[in-house]
1. Would a scan of the range 99-107 turn up a residue that is of a type outside the set (Lys, Arg) and under 19 Å from Val57 (Cβ atoms)?
2. Out of the range 26-39, which residues are without any contact (Cβ under 8 Å) to a residue 60 or more places away in the chain, surrounded by fewer than 21 Cβ atoms within 10 Å (Cβ to Cβ) and on the phi < 0 side of the Ramachandran plot?
3. Output the residue which, of all residues in the range 1-24 that are in contact (Cβ under 8 Å) with a residue 40 or more places away in the chain and surrounded by fewer than 19 Cβ atoms within 10 Å (Cβ to Cβ), is farthest from the chain's Cα centre (by Cα).
4. So, in the range 77-92, of the ones that are within 17 Å of the chain's Cα centre (by Cα) and in contact (Cβ under 8 Å) with a residue 40 or more places away in the chain, which residue ends up surrounded by the fewest Cβ atoms within 10 Å (Cβ to Cβ)?
5. Yes or no: Phe78 aromatic (Phe, Trp, Tyr) and either farther than 30 Å from Leu31 by Cα or not in a helix (DSSP H, G or I) (or both)?
6. Which residue out of Val50, Val73, Val57 is at pLDDT 95 or above, β-branched (Val, Ile, Thr), more than 23 Å from Val115 (Cβ to Cβ) and surrounded by fewer than 19 Cβ atoms within 10 Å (Cβ to Cβ)?
7. Show the residue pairs that are 6+ apart or on different chains and have beta-carbon atoms under 7 Å apart, the first residue being within the range 154-181 and surrounded by 10 or more Cβ atoms within 10 Å (Cβ to Cβ), the second being small (Gly, Ala, Ser) and modelled with pLDDT of 85 or more.
8. List, please: which pairs have Cβ atoms under 6 Å, are six or more places apart or on different chains, and start with a residue in the range 136-153 that is among the acidic types (Asp, Glu) and end with one that is surrounded by 12 or more Cβ atoms within 10 Å (Cβ to Cβ) and in a loop (DSSP other than H, G, I, E, B)?
Amino acid sequence: MSALAGPFFAASLLLAVAGGLKVARPGSAALAMRAAGLPGSVLIGRLLGVVEIAVAVAALAVGGPVTAGLVAVCYLGFAGFVVRLRRRAGAQADCGCFGAETSPASPVHVVLNLVLAAVSLAAVVWPTDGIVDVLADSPAAGIPFLGFTLLLTWLLLVAFTVVPDLLDAQHDVDAAGRGAS
């Protein structure tokens, strides 16, 4: 098993979650695409979600350098999209990445997308097998490995969705404090 298996599978699972939410609620992705000056519609939002799911499922099922490269391309594309969106629509623009209409496209998004792209690019060089093979080769039937991978996936989701809101709230509190002085 590659040392990158857990982080790579977490990145892939997060990609599947984002894709699933875009398929279920494509409106916010469509709005974000239009705000970034790109073609955006509900159909395009759903298609983007389907592609994300397909890449994630391939990465989880097959592993290997090709699927790791595809996951890396997705995350590099997301980082570029957030930069473009912030430049065109401002710092408070909604990213549309998880089907929510109130998640600001923040610098946190850019950094996390680049980190996940780097993990995926490293998995191109040091590839991992598919998750079934990794679990079969892991102690305790892979249950601890799977648990930690799911925990990392959840923490990444929180980092993408909650942390930007917390930072915005802190900024608002700091600004209010400066205004009262």
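1. yes
2. Arg34, Ala35, Leu38, Pro39
3. Taking the candidates together, the pick is Met1.
4. Arg84
5. no
6. Going through Val50, Val73, Val57 in turn, just one is at pLDDT 95 or above, β-branched (Val, Ile, Thr), more than 23 Å from Val115 (Cβ to Cβ) and surrounded by fewer than 19 Cβ atoms within 10 Å (Cβ to Cβ): Val50.
7. Leu156/Ala10; Pro164/Ser106; Leu167/Ser106
8. So the pair list comes out as Asp137/Met1.
The values are calculated or read from the model by the stated rules, or taken from the named source; none is laboratory data. The structure displayed is predicted, hence computed values, not measured ones. All Cβ positions, even for glycine, are placed from backbone atoms using ideal geometry, and neighbour counts span all protein chains on display.
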